[in-house]
Amino acid sequence: MKSLKNIPSIDEVINEPRVQDLACLYNRDFILERSREATATLRKDVKNLSLDLSRPQALERIIGMLQDYCAAYQGNLQRVINGTGVILHTNLGRAPLGERALNQAMIIGQNYSNLELDLSTGERGSRYQHVEEVLTKLTGAEAALVVNNNAAAVLLALTTLAQDREVIVSRGQLIEIGGAFRIPDVMRLSGARLVEVGTTNRTYRTDYEAAINDNTALLFSAHTSNYKIMGFVHEVSLSELVDLGRQFHIPTLYDLGSGILVNTKAAGLADETNVQDCVKAGVDIVCFSGDKLLGGPQAGILVGKAKYIEFMKKNQLLRALRVDKLTLAALEGTLLEYRIGKPEDNIPVIRMILSSEEELAQRARRLRRRLIKKLNSESKVTKIKVSPVRDTIGGGTFPTYELPGYGIELSFSGISVEGVAQKLRQGRPPLLVRKQYNQAVISLRTIFDDEFDTIAGLLQQALAGDEGEQK
Ligand SMILES: *Cc1c(COP(=O)(O)O)cnc(C)c1O
């Protein structure tokens, strides 16, 4: 008990030079609170464990704790390592951004910008015009507009083009996207009247024709992003719908959901219509998300005929759905990557989709070697094996599609997979793994090479039951 006397006072702690260094980053109250916490913890340890510490040793311990406590305060929103193999995970923030997007967001965020200033005239400009040209170049559309997310894009289009009038939708496309986005509800919110035609599995051109009347404002089609109906099915194709719209002079709106700009087939994916295809098919307005397969920030992008985009730009509702400058900056960076850069290398989502099996297997072998080196004395790990896995695109896209990849299978003894997964979720940073029977699987497709050492350290800590800091 004599070393209780050797525990330094709070004054002594905060006058220590290394604690003074912390004062550049943390305020006085915060440092005082953490110092009290650290001395209380040490006092308890000295009592409970009968520690015999000299004064300098006690001070050393407290400063170590204090530094750890400060570093642990990183806010609630934190980076996570995604070992699930689900590329677009809505719970994990969907698309990780590429360099160009991040650089642009950093520069625009740190400085003033011409967000709403026309530099040639010195007059007020529009925030919406910054990405319009690159979007029209990339998609072939006449005009473009960006809002907060795709749900907002659908709402804006419906309200602008069909308020108090009728919108015809096939019963096979009355979709619900996770997070309470339901076509019938959005329709109600927009003030448009939903007119359902056809059946769940079969809708024909004649169904639309029969429903068209003087009050019809819009023919609406939604991509059934997150499910597939198989078997006895029929939907009116996009070009048929466009044809119908032209015949009756009614505009068409297509909610594409996940707007991919690359050729999906060339990317080795199922043959899906990309944004350019929709524009080419003659759809008047196409809308899609910025943070799904485009690989950018959360945004809703509308492209199409200038006449309709102009109406939307004038709608008062746009003010409430307004896109932020950081989003615009990151979106412009992402779009520029498509226009002048190499999306297949530099947009993380596209790179992940395109990763070949050989490449993933090779990376898995590398990760395995790191894990073995770090965990070789850990008796709770009974197997570290490279094995084939099935990854998915996620984010409510390509619902039946799986990408063959590689992962690390881990088996344990003396601890359940649930237990390990839970500890890993509480690591710093948290690591998410897939649980498969009684194994944990880390898929290589969704992790970055510079995360290998961190993953090894996190596993080591999870198994040691140590919840301390991980660099
Ligand atoms: C994802 C999706 C939405 C919602 O888009 P957010 O950007 O999440 O608002 C709407 N419609 C379809 C078809 C989708 O796939």
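All of the numbers you see were taken from the coordinates with simple rules; none came from a lab. Remember, predicted model here, so these are calculated numbers, not experimental data. As a convention, Cβ positions derive from the backbone with ideal geometry for all residues, glycine included, and neighbour counts pool all protein chains shown.
Axis of helix 28-48 versus longest Cα principal axis of the chain: the two differ by about 50°, to the nearest ten degrees. Can you compute the charge dipole magnitude of the range 383-440 about its Cα centre, using +1 on each Lys and Arg Cβ and -1 on each Asp and Glu Cβ, nothing else charged? Give it in debye, rounded to the nearest 20. In total the dipole reaches around 220 debye. Here is how the number arises for the chain: DSSP H runs of 4 or more residues each give -39500 (n - 2.57), the sum is divided by the residue count, and the result at 222 nm is -12500 deg cm²/dmol. Extension gain, residue 113-residue 137: 0.36 nm per intervening residue step, less the Cα-Cα distance, totals 6.3 nm.
Computed extension length for residue 379-residue 79: 105.1 nm, one decimal, from 0.36 nm per residue of separation with the Cα-Cα distance subtracted. Rounded to the nearest 0.05, the FRET efficiency derived from the C-beta distance between residue 36 and residue 366 at R0 = 60 Å is 0.85.
When the Cα gyration tensor is reduced to axis lengths a ≥ b ≥ c, the ratio a/c is 1.5 or higher for the chain, and with a/b above b/c it is classed as prolate. The angle between the Cα long axis of helix 99-110 and the main principal axis of the chain comes to about 80°, on a 0 to 90 degree scale. Taken along its three principal axes, the alpha carbon spread of the range 296-410 comes to 66, 30, 25 Å, from the longest extent down to the shortest. Quick one: grab the alpha carbon gyration tensor of the range 270-316, order the square roots of its eigenvalues as a ≥ b ≥ c, and give me rounded if a/c is under 1.5, else prolate or oblate depending on whether a/b is larger than b/c. Oblate is the answer for the range 270-316, as a/c is 1.5 or above yet b/c matches or exceeds a/b. Net charge dipole, the chain: roughly 1380 debye, given to the nearest 20, about the Cα centre with Cβ charges of +1 for Lys and Arg and -1 for Asp and Glu.
In a DSSP loop and with at most 15 other Cβ atoms within 10 Å, the GluC sites (Glu not before Pro) in the range 399-471 are 402, 467, 469.
Projecting label points 7 angstrom from Cα along Cα→Cβ for residue 123 and residue 310 puts them 1.6 nm apart. Here residue 227 and residue 45 are evaluated by their C-beta separation; at R0 = 56 Å the FRET efficiency comes out at 0.50. For the range 259-363, a crude dipole built from +1 on the beta carbon of Lys and Arg and -1 on the beta carbon of Asp and Glu, taken about the Cα centre, is about 700 debye to the nearest 20. Counting only DSSP beta bridges whose two residues both lie in the chain, roughly 55 percent are antiparallel. Rounded to the nearest 10 degrees, the angle from helix 357-375 to the longest Cα principal axis of the chain is 20 degrees.
Think of the range 136-236 as having a plus end and a minus end, set by charges on the Cβ of Lys, Arg, Asp and Glu; of 213, 163, 234, 234 sits farthest toward the positive end of this dipole.
Going by the alpha-carbon gyration tensor, a ≥ b ≥ c the square roots of its eigenvalues, is the range 1-138 rounded (a/c under 1.5) or, if a/c is not under 1.5, prolate (a/b greater than b/c) versus oblate? Here the range 1-138 falls in the prolate category. The residue 182 and residue 15 beta-carbon pair, evaluated with R₀ = 51 Å, returns a calculated FRET efficiency of approximately 0.25. Multiplying the residue separation of residue 436 and residue 340 by 0.36 nm and removing their Cα-Cα distance gives an extension gain of 30.4 nm. Across the options 136, 83, 119, the greatest Cα extent toward the positive end of the charge dipole of the range 76-146 (unit charges at beta carbon of Lys, Arg, Asp, Glu) belongs to 83.
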